[in-house]
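Q: First, the structure itself, so that you have it in front of you.
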There are 2 protein chains.
Amino acid sequence: MQDNLNFLEHRILEDGSVQEGDILKVDSFLNHQLDIDLLDQIGATFWHHFREKGVTKIITIEASGIAVACMAARYFHVPVVFAKKTMSANIGGSVYTATVHSYTHNVDSQVIMSKKFLNQDDKVLIIDDFLAKGAALEGLSALVQDSGAELVGAGIVIEKGFQDGGQRIREKGIRVESLAIVERMDDTTGEIVFRNED
Amino acid sequence: MQDNLNFLEHRILEDGSVQEGDILKVDSFLNHQLDIDLLDQIGATFWHHFREKGVTKIITIEASGIAVACMAARYFHVPVVFAKKTMSANIGGSVYTATVHSYTHNVDSQVIMSKKFLNQDDKVLIIDDFLAKGAALEGLSALVQDSGAELVGAGIVIEKGFQDGGQRIREKGIRVESLAIVERMDDTTGEIVFRNED
């Protein structure tokens, strides 16, 4: 029995499931069906963590980061800019690019963000739904660095604490606030254990 | 001079631009950078149109539809389910699939939605940022039809009225509420003229 779980950890235990291949399935509320009230509470929690940092932009990566980023942005009253995975007719002019390695699909890809939406006067909060090996977060951090903006930190909904992304990124001096950190999970028993932050 | 423009049409004239190839560029507020206050107002307007229809689910298609759908869902107090463009480890079990032809990229693709999030008891509102030739909306409608759910209608942010998607879909008896309908636009002069709904 785990004590002192927060609202998100309770929800993960209730509706999440562990599947083979280190997959934590939360498609009923976070990355396929979206529970808007839960996302609102997540957004408010990110606001609580970063409210005194003068955030001017929230950035994320398509697709499932967009919902969380938007719900957080309501509290910060700042725009969201989402990095795109494909160059499209909707992006013109100069762009920042960064390489992201998808461990899920085992491919390298480029993410793209128009330069006009991020510059050295910005204070940027990165928001994403998952942090595992850290590839997406590293890509987004690289975009921020290229722009000359200040990276205030990263707000993550669920971190897989048993993978190395979180540690590696924190060691670079980047502040990472994960609302739930899974310390270990087991697809045979279904057990999910969270890191105790107390 | 166009009279009686709504908040969105004003914003399109102010910050949108017309580019070669029938592209209406609104990346500074709708599909790359997201103006959250504007999206909130858009969401409230969809609520106004469909509030008496007993909507139980809002569906959309990744990526840029997600933001608008989430902001609308806050008013309806229902979940969002977004159709995915790629099968991923996050989707398991039975899925609905539909074919969507992207006129922008000139390719056919499948969109996928887990069957467990849509069924015959649902009353579904489709939300999307653009309606042009109607491919995405037809794909989403097909998913709803497969599920046996009732399609309440579609809330579209910007419709390109000079393309045939809106007319074709309305002729099928589907209610489409577009917050701005571009009657014509010209990339050489930059002119944008909206359909007068009065």
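Q: So in the range A:2-29, with the set limited to residues that are more than 9 Å from chain B (Cβ to nearest Cβ) and among the aliphatic types (A, V, I, L, M), which one is surrounded by the most Cβ atoms within 10 Å (Cβ to Cβ)?
A: Looking only at the range A:2-29, we keep the residues that are more than 9 Å from chain B (Cβ to nearest Cβ), and these are A:2-18, A:20, A:22, A:24.
Checking which are among the aliphatic types (A, V, I, L, M) leaves us with A:5, A:8, A:12-13, A:18, A:24.
Numbers: A:5: 15, A:8: 22, A:12: 24, A:13: 16, A:18: 19, A:24: 20.
The extreme case among them is A:12.
Q: Hey, among A:151, A:125, A:179, which residue is touching a Leu at 6+ places or on another chain (Cβ under 6 Å) and under 17 Å from residue A:50 (Cα atoms)? Show your work before the answer.
A: On the way: A:151 fails: touching a Leu at 6+ places or on another chain (Cβ under 6 Å); A:125 fails: touching a Leu at 6+ places or on another chain (Cβ under 6 Å).
Answer to the check: A:179.
Q: Here's a check for you: in the range B:43-81, which residue that is in a loop (DSSP other than H, G, I, E, B) and aliphatic (A, V, I, L, M) is nearest to the other protein chains (Cβ to nearest Cβ)?
A: Among them, the one singled out is B:63.
Q: Right, something else. Let me confirm something: among B:173, B:153, which residue is under 18 Å from the mean Cα position of the chain (by Cα), over 16 Å from residue B:66 (Cα atoms), loosely packed, with under 15 Cβ neighbours inside 10 Å and at pLDDT 95 or above?
A: Just one listed residue meets the conditions, B:173.
Q: For the range A:107-118, state whether one or more residues are crowded, with 22+ Cβ neighbours inside 10 Å, closer than 21 Å to residue B:66 by Cα and in contact with a helix residue (DSSP H, G or I) (Cβ under 6 Å, 6 or more places away or on another chain).
A: Checked against the condition, which is being crowded, with 22+ Cβ neighbours inside 10 Å, closer than 21 Å to residue B:66 by Cα and in contact with a helix residue (DSSP H, G or I) (Cβ under 6 Å, 6 or more places away or on another chain), the range A:107-118 yields at least one hit.
Q: Same structure, new question: Checking residue A:99 against (1) farther than 29 Å from residue A:183 by Cβ; (2) buried (at least 17 other Cβ atoms within 10 Å of the Cβ); (3) of a type in the set (Ser, Thr, Tyr), which single condition isn't satisfied?
A: All conditions pass for residue A:99, except number (2).
Q: Still on this structure, I have one more. Evaluate the range B:71-87: report whether one residue or more is at pLDDT below 95 and crowded, with 20+ Cβ neighbours inside 10 Å. Reasoning before the result, please.
A: Within the range B:71-87, the first condition is being at pLDDT below 95, and the residues that meet it are B:84-87.
Within this subset, residues satisfying the condition of being crowded, with 20+ Cβ neighbours inside 10 Å are B:84.
Yes: one or more hits.
Q: Any residue at all in the range B:61-68 that's over 16 Å from residue A:63 (Cβ atoms) and not small (Gly, Ala, Ser)? Before the answer, list the steps.
A: Let us first name the residues in the range B:61-68 that are over 16 Å from residue A:63 (Cβ atoms), namely none.
No.
Q: Right, next: Show the residue pairs meeting these rules: Cβ distance below 6 Å; 6+ apart or different chains; first residue within the range A:119-130 and in contact (Cβ under 8 Å) with a residue 12 or more places away in the chain and within 13 Å of residue A:165 (Cβ to Cβ); second residue of a type in the set (S, T, N, Q) and in a strand (DSSP E or B).
A: Listed pairs, sorted by first residue: A:128/A:60.
Q: Answer yes if at least one residue in the range B:179-186 is assigned to a strand (DSSP E or B) and in contact with an Asp or Glu (Cβ under 6 Å, 6 or more places away or on another chain), and no otherwise. Steps first, answer last, please.
A: If we filter the range B:179-186 for residues that are assigned to a strand (DSSP E or B), which is where we start, we get B:179-185.
Adding the requirement that they be in contact with an Asp or Glu (Cβ under 6 Å, 6 or more places away or on another chain) leaves B:180-181.
Yes, there is a match, as at least one residue in the range B:179-186 is assigned to a strand (DSSP E or B) and in contact with an Asp or Glu (Cβ under 6 Å, 6 or more places away or on another chain).
Q: Inspect all residues belonging to the range B:116-133 and state whether any of them is within 12 Å of chain A (Cβ to nearest Cβ), closer than 24 Å to residue A:26 by Cβ and part of a helix (DSSP H, G or I).
A: Yes, the range B:116-133 has at least one match.
The values are calculated or read from the model by the stated rules, or taken from the named source; none is laboratory data. Please read these numbers as outputs of a predicted model, since none were measured by experiment. Here the Cβ is made from the backbone with ideal geometry for all residues, glycine too, and neighbour counts use every protein chain on show.
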